[in-house]
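To start, the structure itself, in structure tokens.
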Amino acid sequence: MVDFTSLVNVIVPLVAGVLLGFAFRNRKRVDLGKVVFGAIVVLIFSMGFGIGANGELLAAMPRVGFSATVIVWLVLFFSVVFVLIARRIVRMK
């Protein structure tokens, strides 16, 4: 079952952002690339901090890391394969 408070924590900022974007749509556009990049860096740092602070997770990291590495390589391989197939199909039409 979905926790209502976690759903609200995602939906409310999303709706607020849409409303603010709609309200300021005619103003000069601001390049938010640096702001988004900074937010991503902060999120990655906080994830790393949380992982480093959790001893159980650090102990399981070699096992989890190997599985994650295999999954990443498989996803990368099949993404390239399917893109090549899609390009050939599109060129035929």
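The values are calculated or read from the model by the stated rules, or taken from the named source; none is laboratory data. Just so you know, these numbers come straight off a predicted model, no measurement behind them. Using ideal geometry, Cβ is built from the backbone for each residue, glycine included, and neighbour counts are taken over all protein chains shown.
Rundown of residues vs (1) in a helix (DSSP H, G or I); (2) farther than 30 Å from GLY17 by Cα; (3) small (Gly, Ala, Ser); (4) over 15 Å from the mean Cα position of the chain (by Cα), yes/no style:
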| site | (1), (2), (3), (4) |
| --- | --- |
| VAL35 | yes, no, no, yes |
| ALA39 | yes, no, yes, no |
| VAL42 | yes, no, no, no |
| PHE49 | yes, no, no, yes |
| PHE66 | yes, yes, no, yes |
| VAL72 | yes, yes, no, no |
| PHE78 | yes, yes, no, yes |
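Are there any pairs, at least 6 apart or on different chains, whose C-beta atoms fall under 8 Å, with the first in the stretch 1-28 and of a type in the set (A, V, I, L, M, F, W, C) and modelled with pLDDT of 85 or more and the second surrounded by 10 or more Cβ atoms within 10 Å (Cβ to Cβ) and assigned to a helix (DSSP H, G or I), and if so, which?
none
If you check VAL90 against the conditions, is it part of a helix (DSSP H, G or I), loosely packed, with under 10 Cβ neighbours inside 10 Å and of a type in the set (A, V, I, L, M)?
yes
Being under 19 Å from the mean Cα position of the chain (by Cα) and among the charged types (D, E, K, R), is that true of even one residue in the stretch 84-91?
no
Could you please give the count of residues in the stretch 45-81 that are touching a helix residue (DSSP H, G or I) at 6+ places or on another chain (Cβ under 8 Å) and of a type in the set (Gly, Ala, Ser)?
Counting residues in the stretch 45-81 that are touching a helix residue (DSSP H, G or I) at 6+ places or on another chain (Cβ under 8 Å) and of a type in the set (Gly, Ala, Ser) gives 1.
Mind checking which residues of the stretch 51-64 are over 21 Å from the mean Cα position of the chain (by Cα), surrounded by 10 or more Cβ atoms within 10 Å (Cβ to Cβ) and not hydrophobic (A, V, I, L, M, F, W, C)?
Residue satisfying the conditions is ASN54 alone.
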